[in-house]
Structure formats: structure tokens, C-alpha cells
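Written below as C-alpha cells is the structure these notes are about.
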Amino acid sequence: CISTPGATLCDTRNNCSRCEPITLELCMNLPYNSTTYPNYLGHSTQRESSGSWEASLFPALVQTNCYKYLMFFACTMLVPKCDAHTHQRVPPCRSLCRNSKERCESVLGVVGLVWPEDSDCNQFPEDGHNVTCLLPDPDVDECSPSHFKCRSGRCVLSSKHCDGHMDCDDDSDEDNCGCVERGLWACPGTRQCIKHTMICDGFPDCPLLEDERNCSVCNDNELSCNNHQCVHRTLWCDGKKHCSDSSDEWDCVSLSEGSILTVFRTAVDYQVCADDWTAELSQLTCSQLGLGVPASVALIPDPPGVPGRRRWLHVHPDWRQRNGSALQGLLEKRGHACYSRKRVSLQCTKEDCGLRPAARVYKR
Amino acid sequence: ILGGRVSRPGRWPWQCSLQSDPSGHICGCVLIGKKWVLTVAHCFEGRNSADLWEVVLGINNLDHPSVTMQTRGVASVTVHPRYTRAVVDYDISVVELDREVEITGYVRPVCLPEPGQLPVADTYCYITGWGHMGNRMPFKLQEGEVRIISVSQCQSHFDMKTITSRMLCAGYEAGTVDSCMGDSGGPLVCEEARGGSWTLYGLTSWGSVCFSKVLGPGVYANVTHFTPWIHRQIYLHTFHL
């Protein structure tokens, strides 16, 4: 029985089978839309059916065009029809099973596979006047939603549509392969197609990232978040989240020139003044960068005659009270330069990983 | 694991068991930091509330708690926002433990690959887990040596699905050594030539049916593809962003 939370556990006397909507993509175009389990292949859920060997075997077999109604038969086995009144499964007729097996079993033999053993046709009723069993309507779709239908009517797996190889007997699987014809968006400068939903969704999909360009129009004093929201420049890398996806606090701290600590406050690079720098702050910085622990710290004098005014951030006097904050939230701008004119230079080293001392060999 | 063998305590100190009542072991998982574990997104289908889960580390026999065992609750589960159930793509999630583990000989994190660092096709690596063995579910951790398979070779096994850049294939044509149900979320690790440390390249994700007919290689979440995303999730959760 399908024990769903809250449902009363059925006892042996009453049958608790119930109809459920078909979710197996392979069989979403059947003339019926509810099923019940276990099915005729011994699967107990649609999830098990979707990962089953048969769910891969039948669509591949349909490509050989061995029997016009093979896909329909396969679905009556994978997701048997559920009778809305009795909640019982409705079997395929024996003739449908026999025709499928007789026409297609030999094709499987050619590739060394066998017809699914659970599908003995004798278990199904002969189609007759007062027998309820399933036969295909003449206009039933021979291909499943997981197939591409060739112009000739044959079915090839949808992964073969526009894959650069002629798979249909009339090569129609390689026609109209432009992105637009397939309802997709063409990445500029490449042949790659992406779904429209992937445009400006914060995930770059096109090789040159065009799908994430021009996605927002921010004012001059604003910056675009990863999800293309606009946030005022002064709020960038201040240690508090302003973009709903928190991307204004991403990648705020870096070690430029290999080790010079740099913070991207208000979207401009700042050095960190070494006055009041401590070992805990070094520890925090390496951890925040995902680089493990500090290996060495140095306070580097600012080279004389640096072009333009260097920008400095200073350690906030009450940084210790701001626990849980990222480094950029522990620093502040001040009206004066850095008295020592020294920058922080930091080297981090990865903590131990991937070692297994207990698996040590013992010399004998 | 099909075609594998019983592992020894301490051989895979990053392997963990993701457990939920009343079933117990549901999926594998991998320790990558003192408070951080990786597993696959599909393990949380229908059960993505952190308080339903706990993580067991430093264990070899699920049925025999040992002194090396450590158990932690789950503080947060972050499933990749692009995980899609239908095609099992972006099948990865970051799990934050409710407190740090104690690093011992039997509980230790594995290395994450550098961005762009991929295993070479035809090299041999290891998969581990307490998943189906083809005829039964084991109590003792199983290990199996598998070969990295190129994407093109792998795609030829899976007509119905597209092997994306978020996936990695390993195993054998005949599926003689393969992962199976219950191994999901567990590690595919390769030993680095220098220094003998182990790097995590894959998380057991999907494949063809494995407990009745063995067919084709297994498909793993390609950890290298997600390294920046993993580091970012750790950063955001550490600093409550």
C-alpha cells in the first residue's frame, strides 16, 4: 500500500490501492492519466519505474519501428491504467502484448538483450466483448514525450534531435535546428541554445556570459547584484547583506599581488592599515577566503611615491563585539590616512585534507 | 557498491552516513571541513528540513557503533538552486553540521579540487558506500575501484539522458564495479600523485538500474564544477549572509 503521511494504514481486509496521476514523462501522452501500483513489471512506485531498466529499454526499442503500438503497450505495463471506480489496474489485452513481443523480441535478441521477463502475455485477458482490457486507439501517439517524431512518423530519442547526426530515416531530426525554431534563445556568436528561463537568472550559461548581460539598468551610483537587483554603491562590501541573494558581500576580500590584503569596499579597492591588526583577524581572513589558516603575516611599508592617493580601511575599535561578521564588516573608513603607512600582507595555508593516518601500513 | 569489497576502519575517514528516522541510513555524504559535509540534492527530495537529519562519521559497520564514531545534527541544508529532479542535473547540496567534528584518524576531511582540476579519463579512483550490493544491503562500508570514463564514451550508454558538464562518469562498460541505491551522495575520490592525499571529484548521483541488471557506468556530480559554489555557501553561512 502507499502509506502517505496521515493516511490510515490499510488492513488486509480492504484493498487500499488508489489511483495516482501519471508523472512518468515517458507516458504523459496516453489516453488515460491515472495509474496505480504495483505495475506489471514489479515496480512499486513511479519513481522506481522511471529509473528502471525497462524505462530505458522500451524507448530505445521504439526507435527500431518494430511495432507501431509498442510505446503504448510499454506504458500499459509501466503505468497501468487505474479504473476510477474500482481503483484497480486495467491490463493490456493479450493480443497487444503478443503483437509487441512477437514483432520486437527478435530485435532485442540481436543486441543480446531479452524481453522483460515479468511480461508474460498469458496473464492478460483475451480481448472480447465483456472483457476490460486496453487496446490502442488508431490515432494513439506512437512516440512518447521523450521522443522526437520524424517527418516519416518514426520516433527517435529526443537527445538525438539536433545532435548533428542524422538519426531519422528521412534526416528530419536535423531540420529546423536553429534555436528559434526550437523555442530556445541563441547565445550570440555561438550555436549554443539555452532556455529563455535561463536568461538573467544569475547563472551564466552562454560561453561568453551574454545571457547575464544587460539584465538590469542601475543608476550611476548603484551596482547590479548577481540577480540583477540594483544596490547603492556605498552599501557594497560593508559586511551586511543588501542584495536579496547577498551577492553584494561576495568576493569582498582578496590577496592581491599574491598576499597584499585588499577589500572591495563601496566597489573600490582599499588596502588595510596595519595599525591594530591582530592574529585573530589573520585567522578570520584565511578562513573567510576558504584558504585554511595563516602561514605568515607581514606589515609592508607602503612604497613611497605611490601614484594617486592610496585608500585605507582601518580596524574598527570595537571589532571584537562584532562577532560573526565577515572581515569587511570589521573595518571602517576614516578621515585620515594610515599613520604607519603599512599594509597587511598575508599568506594562508590549506589545513590538512585527504590524508588517512589510520589506514597507515604497519611495518612487519 | 556492486563488485566491491569490505573496507577497513579508517580507510575512508571522510565518508559519512546521512541518516533520518525511522529508516536510518538514507544516503552517503562526504566531510569537507570541520562543520561541512557534501551530499547530493536528490537525497533531500521531500525531506529537506534540517532537523529530520543527522550525520554519522567515523563508522565502518552501521550496525556496530564504535568508539571512533561521531554523530552530529544538521544545522542547515543548501540544495543547489538549479537542481532539477527530472534530469538529475546540479545534483549537489552543502550540509552544515550543528557543531564541529573532532578531527581524528577516523574522521578527517577530504580535499576539494582546485577550480578546473579534473580527473584524467582512464585513471583509477575509488567509490565507497553502504548502498545495495546487487543482492543485499551491507552493514560494513564497501569500497570499489572504478575507472574515470570520458563524457563522450559515457553518453553512449545513456540514450535517454544528457551527460552535462555538471556530471562525471566512472565505472566499467559492463558495470562490474558500480555504485547503487543507498550510495548516493557518497564520494568518488582519486589519490593525487604527489603526497598521497585524496581529492573528491565526484558524488554518487545516478546510473542505470544496478540491483537486477548491471549496465554501464555510474554518473557522479562533478565536484570540480561546483567548487566555487561550495566555497561561497560555506562563506555565506559562516557569516550569516
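The table for this structure:
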{"item": "Selection within segment A:98-137 - of a type in the set (D, E, K, R) and in a loop (DSSP other than H, G, I, E, B)", "result": "A:GLU117, A:ASP118, A:ASP120, A:GLU126, A:ASP127, A:ASP137"}
{"item": "Hits in segment A:24-60 - residues which are within 22 Å of the chain's Cα centre (by Cα) and not aliphatic (A, V, I, L, M)", "result": "A:GLU25, A:GLN46, A:ARG47, A:GLU48, A:SER49, A:SER50, A:GLY51, A:SER52, A:SER56"}
{"item": "Pair list, Cβ under 6 Å, 6 or more apart: segment B:149-169 residue part of a loop (DSSP other than H, G, I, E, B), other residue aromatic (Phe, Trp, Tyr)", "result": "B:ARG166/B:TYR90"}
{"item": "Sole residue being more than 19 Å from the chain's Cα centre (by Cα) and more than 8 Å from chain A (Cβ to nearest Cβ), chosen from B:SER184, B:SER150", "result": "B:SER150"}
{"item": "Out of A:TRP312, A:TRP319, sole residue that is out of contact with any Ser or Thr (no Cβ under 9 Å at 6 or more places or on another chain), more than 13 Å from chain B (Cβ to nearest Cβ), of a type in the set (Phe, Trp, Tyr) and surrounded by 15 or more Cβ atoms within 10 Å (Cβ to Cβ)", "result": "A:TRP312"}
{"item": "Matching residues, segment A:187-218, being away from every other protein chain (no Cβ under 13 Å), within 15 Å of B:PRO81 (Cβ to Cβ) and not in a loop (DSSP other than H, G, I, E, B)", "result": "A:GLU212"}
{"item": "One residue from A:SER95, A:SER49 being within 14 Å of chain B (Cβ to nearest Cβ) and either among the charged types (D, E, K, R) or part of a helix (DSSP H, G or I) (or both)", "result": "A:SER49"}
{"item": "Selection within segment A:24-46 - β-branched (Val, Ile, Thr) and either within 11 Å of chain B (Cβ to nearest Cβ) or out of contact with any Cys (no Cβ under 6 Å at 6 or more places or on another chain) (or both)", "result": "A:THR45"}
{"item": "Residue selected from segment A:52-80 under the condition under 11 Å from A:CYS104 (Cβ atoms) and aromatic (Phe, Trp, Tyr), by the criterion nearest to the other protein chains (Cβ to nearest Cβ)", "result": "A:PHE58"}
{"item": "Condition broken by B:VAL219, with the remaining ones in (1) closer than 16 Å to B:TYR124 by Cβ; (2) modelled with pLDDT of 90 or more satisfied", "result": "(1)"}
{"item": "Filter result for B:LEU118 (over 20 Å from B:CYS43 (Cβ atoms) and surrounded by fewer than 21 Cβ atoms within 10 Å (Cβ to Cβ))", "result": "yes"}
{"item": "B:MET133 away from chain A (no Cβ under 12 Å), out of contact with any Phe, Trp or Tyr (no Cβ under 8 Å at 6 or more places or on another chain), assigned to a loop (DSSP other than H, G, I, E, B) and closer than 23 Å to B:THR39 by Cα", "result": "yes"}
{"item": "A:ASP169 vs. criteria surrounded by 12 or more Cβ atoms within 10 Å (Cβ to Cβ) and either β-branched (Val, Ile, Thr) or over 21 Å from the mean Cα position of the chain (by Cα) (or both)", "result": "yes"}
{"item": "Residue under evaluation A:LEU331, criteria (1) under 20 Å from A:CYS237 (Cβ atoms); (2) surrounded by fewer than 18 Cβ atoms within 10 Å (Cβ to Cβ), criterion not met", "result": "(2)"}
{"item": "Subset of segment A:323-364 (residues that are within 13 Å of chain B (Cβ to nearest Cβ), farther than 30 Å from B:PRO187 by Cα and out of contact with any Gly (no Cβ under 6 Å at 6 or more places or on another chain))", "result": "A:ASN323, A:GLY324, A:LEU327, A:LEU330"}
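Condition check ((1) in contact with a His (Cβ under 6 Å, 6 or more places away or on another chain); (2) within 10 Å of another protein chain (Cβ to nearest Cβ); (3) not hydroxyl-bearing (Ser, Thr, Tyr)) across all residues:
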position	(1), (2), (3)
B:TRP198	no, yes, yes
B:TYR201	no, no, no
B:VAL219	no, no, yes
B:VAL223	no, no, yes
B:THR238	no, yes, no
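The values are calculated or read from the model by the stated rules, or taken from the named source; none is laboratory data. Not measured: the values here are computed from a predicted model. Every residue, glycine among them, receives a Cβ derived from its backbone with ideal geometry; neighbour counts consider all protein chains shown.
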